[in-house]
Amino acid sequence: MNFETLRWNEGRLELLDQRLLPQRIAHLSLKSAKEVARAIREMAVRGAPAIGCAAAFGIALEAFRLKHLDKESFLPALDEAFSILSESRPTAVNLFWALDRMKAVFDPGNDPETSAIMLEKEAKSIFERDVEDNLEMGRNGSKLLPEKCNVLTYCNAGALATAGHGTALGVIRTAFSQGKAVSVFACETRPLLQGARLTAWELAMEKIPTTLICDNMAGFFMKKGEIDLVIVGADRVAANGDVANKIGTYTVAVLAKRHGIPFYVACPASTMDMKASSGDEIPIEERNDAEVKGYRGIEWAARDVSVRNPAFDVTPHDLVTALITEKGVIMSPDAEKLSALFSS
């Protein structure tokens with residue numbers, strides 16, 4: 001890959017600003033938890049694993065920013081940073097998983113400078129582990145792809161959504177690097193066009209054959225027999241295997257079921273929320289109506305029209321052929337199989 005989604009640079013977090021892609025490549029240099037929370041909320045960085053990594057570095061940033069304080073002032077200020085970041089987006093569970101990891105290594109008995117060093121170390125560990133998990137997912141998932149296949153993917157679950165390599169696109173990348181003849185159908189992904197702007201850009205850079213289609217064309221190409229399998233990522237997986245992902249994923253899963261096409265979800269174990277018994281318990285973020293009415297200053301909808309803009313939907317586990325994780329592939333996921341994954 002010729003880009004880095006996020007990087008830690010001498011006490012600053014640098015993020016590739018995904019709002020500007022593919023027209024312009026620019027980085028944000030962030031110095032506080034508040035700035036990281038804003039970048040997450042405004043989708044300068046997005047994708048569940050990348051959000052988790054960014055949040056972890058956001059805590060480290062704040063700890064270094066505050067390390068000159070005495071302990072009595074440092075503790076409540078850092079606690080506020082955890083709160084600000086936890087409120088940035090509600091659906092992607094990696095955000096909360098990463099913040100819990102940071103809390104677990106934080107010892108209030110340490111002086112502020114020692115705390116900052118420990119938190120930086122843990123944030124780097126979360127980042128590095130995500131890359132390793134994505135590579136392992138790629139190896140596990142590539143075994144499911146035939147030597148020649150057309151893969152449909154939705155939204156962006158690539159290196160841009162992670163610390164590197166990607167989840168769904170990581171599987172595709174690995175299979176392609178193994179010499180398999182993989183071609184991709186990338187849905188544009190309304191309303192913010194992550195498929196058109198991000199997925200197509202990633203794949204084109206690596207010269208993986210890619211065809212961009214509108215979201216409402218997926219069924220057409222499935223019916224024509226031009227899609228062999230579907231691979232998507234996930235923002236949260238409930239304990240029974242229900243999957244929350246970008247809005248429109250459920251529609252693709254239903255179409256895949258209707259046409260007898262395998263529907264795979266690639267996600268790390270950190271995306272699994274064992275506290276949510278089913279998808280009904282997953283909070284679904286609703287975003288600004290301006291995202292639906294237009295894009296980048298162009299308005300195409302009547303100004304007074306009512307808008308609903310849920311950012312995610314939930315695909316029931318019985319529509320999921322398999323979950324692809326760093327721990328292995330879970331065929332026909334259900335509560336018993338996911339419980340076994342975490343007990344092994």
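The values are calculated or read from the model by the stated rules, or taken from the named source; none is laboratory data. On a predicted model such as this, the values are computed, not experimentally measured, just so you know. Neighbour counts run over all protein chains shown; Cβ positions are idealised from the backbone, glycine included.
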Handout entry: Test result for Asp228, under 22 Å from Ala161 (Cα atoms) and not polar (S, T, N, Q)
Key = no
Problem - Condition met for Pro262 (touching a residue at least 60 places away in the same chain (Cβ under 8 Å) and touching a strand residue (DSSP E or B) at 6+ places or on another chain (Cβ under 7 Å)) - result: yes
Exercise for the section: Could you tell me whether the range 172-180 includes any residue that is within 20 Å of the chain's Cα centre (by Cα), more than 28 Å from Ala123 (Cα to Cα) and either part of a loop (DSSP other than H, G, I, E, B) or among the basic types (Lys, Arg) (or both)? Expected result: no
Handout entry: Residue within the range 16-25 that is in a helix (DSSP H, G or I), closer than 30 Å to Thr325 by Cβ, not small (Gly, Ala, Ser) and not assigned by TED's automatic domain parsing to the domain that holds Thr167 present
Key = no
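Does Ser83 meet the test of being assigned by TED's automatic domain parsing to the domain that holds Pro112, over 28 Å from Lys246 (Cβ atoms) and of a type in the set (Ser, Thr, Tyr)?
no
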Practice task
From Leu119, Leu78, grab the single residue that is modelled with pLDDT of 95 or more, in contact with a Pro (Cβ under 9 Å, 6 or more places away or on another chain) and either not assigned by TED's automatic domain parsing to the domain that holds Ile172 or not hydrophobic (A, V, I, L, M, F, W, C) (or both).
Solution key: Leu78
Practice task
Select from the range 28-62 the residues that are within 18 Å of Arg197 (Cβ to Cβ) and part of a loop (DSSP other than H, G, I, E, B) and list them in ascending order.
Solution key: Glu42, Met43, Ala44, Val45, Arg46, Gly47
Practice task
Just one of (1) in the same structural domain as Met222 (by TED's automatic domain parsing); (2) more than 21 Å from Val45 (Cβ to Cβ) trips up Arg173, so point out which.
Solution key: (2)
